[in-house]
Amino acid sequence: MGQLISLEIDGNKVQVPAGTLVVDAARKAGVDIPVFCYHPKMEPVGMCRMCLVEIGRPQMNRDTGELERNEDGSYVIQFGPKLETGCTEVVSEGMVVRGMTDEVSRARKDIIEFLLTSHPLDCPVCDKGGECSLQNLTMEFGSGDGRFLYDEKKHFSKHVPLGELIYLDRERCIQCGRCVRFQDEIVDDAVIGFEGRGRSLKIVTYSEPGFDSYYSGNTTDICPVGALTTSDFRFGARPWEMKAVASVCTHCPVGCNLTLNVRRENKSGGDFVVKRVLPRQNEAVNEIWICDKGRFAHHYASSEDRLTQPLVRVDGELTPASWDEALELVAKRFKEAGSDLLTLASGRISNEDLFNLRSLSDHLGGSTALYSEMAGGDLVAQVGVGQGSNFSNLGPETTIFVVASNLEEEAPLYWLRVKQAAERGAKLIVANPRHTKTERLASHVLRYPYGGEAALVLALTNSLSTKRIDLPNEFREIERSREIQAAAKDFAEADNAIILFGNEGTGLQTSRHLAQACANLLIITGHTGKANNGLIAVWQRANTQGAWDMGFRPAADLIETVRSKQALYIAAADPAGDDPNFVEAIKTTGFIVVQELFLTETAKLADVVLPAQAFIEREGTLTNGERRVQRFYTAVPERLQTRPDYSITAQISQLVGLELEDKHPFRVMEQIAAQIPDYSDVSYEKVSAVVEQWPIIGRSDLYYGGTTYENSQGLGYQLQPAAQKGQPVSLEAVQLEEFDSGGEAGLVAVPVTVLYDRGQMVIPADLLHQRIPEPYVVVHPESIAHLGLIDGAHVRLDISGIEVDVVAHLDETIPQDVLLVPRSMGIPIHGPTPVEIAVVEQAVT
């Protein structure tokens, strides 16, 4: 904590670390100093003057240079002639702060009065009513009388779309600058700003499309008034009408803590609905921020297209059936299949679901497969970041290595936290074949050709070891480069080192090699087995790490594996929708069961479809990329005949002679703790535990931290990797494979991840449709110069034997001879694949 400073605030003695601002010191002492412009996550600016206080400092003897003391030993305090802003003044030894004097009260009253001169008095119809800082502070400090004439008020536009997600009411804006500073300081997306002067000052957007940022919704949380609102919540409900339920985001491996605001409403037929999603403070995970995908894509769970009853195929058609009928048929056919049963699941479902699925398959002698093109979960369990790791603690003593990941697209809050660590002084190494936003703060930027991810990491290892690994010819020059040598030196000499590896351009095998190379580098440099050191996988789904921990593994050739089985049990996966090549393989299987939220392309092929519950309708746990087990809670009643995945599997199990828990997920976790060694210390009690966090965020005042919810329902429980437990971890050889050559044009399609894809958990959110592109690919102009393409042309791809029509975008910053293909866009791709391209229609210029 460093040096502690003693001071007095409104009669309260308090000790705080040196460098603490007065307003934060007051917060720690339990004394409220009101603010509008100040926010504990941003640099102070002293714009609003609401935090004015009297500050006295110990008087210094000019002759001796020592602080003067009274007879009782206390300091002689000299107060300044004017009030000072508590948000910009740093504490000093012996300081005395007064925030309750008549002079301070008059100043606060004046500030409120000035703010209200042009502020509309429309609290009864304002979206912020009930959680408005200006409203609350006016009641506490404002005058009951107004001295300004209504006709002299300045009027502005009241319904200004900064983008399709965020609306601005310019009359309500008090020009605190929180939103502008957040976009500039916190997320490095300066897409909004001030325009004009004086009372005509207003917020405008500079981007096209408007407010083009993945984090725009956070500005509505920190806005102290009703100036900024989200398009899905404005005029939707009052804060006091809604119930707050703790949850966890299910879209990426960060596992952002959420609060779901729920109410029952007439326009939804009397159903309980999620009205909005807000952050829930967890300083070790997402602090108090979430991305817009996590905030707005939840609407899939309330979609009218959800499955609501079991379906059984009769005379070639899927027809409604009872649960008893469906489960008895499934149990009978699974029992007959025995060892020829394949259970295929993704990391979209909870640990409890995955455990029951694995238990059923093992009981019947069947096999399991993880629906993923990314490997390394077993290595994360061995050399993952140690228990107690927190990006917020990373600074100059740390080196962070991000490889094969466009981090902001794959896991926005990981990007945000890595950025902040770099700003605190951590060295950042970024390795990618193309430019990404992560490079902006990088100390070292390393380039490699797609397919050479593992070789690049091995080149770093060779720089640090006398035993060198033979690398392909094209990497020998890279290995000798000064940049590689400097990056390797920084990594090896760091007190703490973390590697985040993603799936930019990789398939299952290349991902495995990359993960092993990263693990070897950590072991060689001694960065394992302790907090803030180790390996993090940037998974495609929220609970892929949990799936690995529960015993699921990807199949080397999933299509052939499917084709060889007599029965398929598919949960939370849509292989036929992602790749039409799976259709024939699935059809060759004798019996198919799909457990899903929607009637997906795979579900349409099933013999039995079982309707599962969405995350808002049930509870369970997810394990994030840092192996932190976190709990989500039931927010709304289940839909009609839907059931939780773990319950469905348990009821099938009971019909084949295996007793599994089907009612209470905490009891499933007890079974997990008993059978999975890494989870032996995990319980619902531990994942639900909380400790005090800083800054102290809560809804008791709102003006300090915004409308973010305090965390009272669980910070999660971080698992220890094998290395931290003292178990041996060893180096393993990395097999390097040659990169595929391309098709006739020499092009190779490589998969990349984009935040807004066309998956079933995004498409139902109508308000995101302007951000979700049509299927597209990106290519260097020189790679297809012979076709004479212009940007935006419609082309036809021949990839993996499938023809797909897409839009082609030209980008001179990416490598030549590769075609970037976004995942979950309706284009079948699982790894680097030769591709042929033909023009369908040129774009209109």
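Ala650 - would you say it is assigned to a helix (DSSP H, G or I) and small (Gly, Ala, Ser)?
Values: assigned to a helix (DSSP H, G or I): yes; small (Gly, Ala, Ser): yes.
Taking the combined requirement at face value, the residue satisfies it.
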For Gln735, the lone unmet condition from (1) within 28 Å of Val840 (Cα to Cα); (2) touching a residue at least 40 places away in the same chain (Cβ under 8 Å) is (1)
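Residues checked against (1) closer than 16 Å to Glu409 by Cβ; (2) in contact (Cβ under 8 Å) with a residue 40 or more places away in the chain:
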residue: His769; (1), (2): no, no
residue: Val779; (1), (2): no, yes
residue: Leu787; (1), (2): no, yes
residue: Ser800; (1), (2): no, yes
residue: His809; (1), (2): yes, no
residue: Pro822; (1), (2): yes, yes
residue: Met825; (1), (2): yes, yes
Within the stretch 824-845, the count of residues that are in contact with a Pro (Cβ under 8 Å, 6 or more places away or on another chain) and open to solvent by less than 20 Å² (accessible area, probe 1.4 Å) comes to 5
The helices (runs of 4 or more DSSP H) lying wholly within the stretch 534-638 that contain at least 2 residues that are touching a residue at least 40 places away in the same chain (Cβ under 8 Å) and under 21 Å from Cys252 (Cβ atoms) are 544-549, 575-578
For the stretch 477-491, the count of residues that are in a helix (DSSP H, G or I) and farther than 17 Å from Ala442 by Cα equals 3
Reported set for the stretch 132-146 where residues are closer than 20 Å to Glu103 by Cβ and open to solvent by 80 Å² or more (accessible area, probe 1.4 Å) is Glu140
With criteria (1) touching a Lys or Arg at 6+ places or on another chain (Cβ under 8 Å); (2) assigned to a loop (DSSP other than H, G, I, E, B); (3) not aliphatic (A, V, I, L, M), Asp470 comes up short on (1)
Exception for Cys126 within (1) touching a residue at least 24 places away in the same chain (Cβ under 8 Å); (2) over 18 Å from Cys37 (Cβ atoms); (3) open to solvent by 20 Å² or more (accessible area, probe 1.4 Å) falls at (3)
Check: Out of all the residues in the stretch 556-578, is one or more touching a helix residue (DSSP H, G or I) at 6+ places or on another chain (Cβ under 6 Å) and under 22 Å from Ala454 (Cβ atoms)?
Finding: no
*If you check Ala237 against the conditions, is it surrounded by 21 or more Cβ atoms within 10 Å (Cβ to Cβ) and in contact (Cβ under 8 Å) with a residue 12 or more places away in the chain?*
no
Of the residues in the stretch 186-203, those that are under 17 Å from Gly163 (Cα atoms), surrounded by fewer than 15 Cβ atoms within 10 Å (Cβ to Cβ) and either touching a Cys at 6+ places or on another chain (Cβ under 7 Å) or of a type in the set (A, V, I, L, M) (or both) come to Ala190
The lone condition Ala515 fails out of (1) outside the structural domain of Leu357 (by TED's automatic domain parsing); (2) among the aliphatic types (A, V, I, L, M); (3) more than 18 Å from His830 (Cα to Cα) is (3)
Checked pairs for the stretch 49-76, first in a loop (DSSP other than H, G, I, E, B), second basic (Lys, Arg), C-beta under 7 Å and 6 or more apart or across chains, list as Met50/Arg108; Val76/Arg69
Some residue of the stretch 29-36 being over 27 Å from Leu702 (Cβ atoms) and either over 38 Å from the mean Cα position of the chain (by Cα) or β-branched (Val, Ile, Thr) (or both):
no
Across the stretch 672-702, the tally of residues that are outside any loop (DSSP other than H, G, I, E, B) and either open to solvent by less than 30 Å² (accessible area, probe 1.4 Å) or of a type in the set (Gly, Ala, Ser) (or both) stands at 6
May I ask you to verify whether Gly46 is part of a loop (DSSP other than H, G, I, E, B), over 18 Å from Pro695 (Cα atoms), of a type outside the set (A, V, I, L, M) and open to solvent by less than 30 Å² (accessible area, probe 1.4 Å)? yes
Consider Pro253 carefully, then state whether it is over 24 Å from Pro637 (Cα atoms) and open to solvent by less than 10 Å² (accessible area, probe 1.4 Å). yes
What about Val23, is it buried (at least 17 other Cβ atoms within 10 Å of the Cβ), at pLDDT 95 or above and not in a loop (DSSP other than H, G, I, E, B)? yes
The condition of being in contact with a Ser or Thr (Cβ under 6 Å, 6 or more places away or on another chain) and within 23 Å of Cys132 (Cα to Cα) holds, among Gly86, Gly30, Gly46, only for Gly46
I'd like to know if the stretch 512-529 contains one or more residues that are in contact (Cβ under 8 Å) with a residue 12 or more places away in the chain, assigned to a loop (DSSP other than H, G, I, E, B) and surrounded by 24 or more Cβ atoms within 10 Å (Cβ to Cβ). yes
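The values are calculated or read from the model by the stated rules, or taken from the named source; none is laboratory data. No experiment lies behind these values; they were computed from the predicted model shown. Virtual Cβ from ideal backbone geometry, glycine too; neighbours counted across all protein chains shown. Accessible surface is based on the protein model in full, side chains and every heavy atom, while ligands, DNA and RNA are left aside. Shrake-Rupley method; radii C 1.70, N 1.55, O 1.52, S 1.80 Å.
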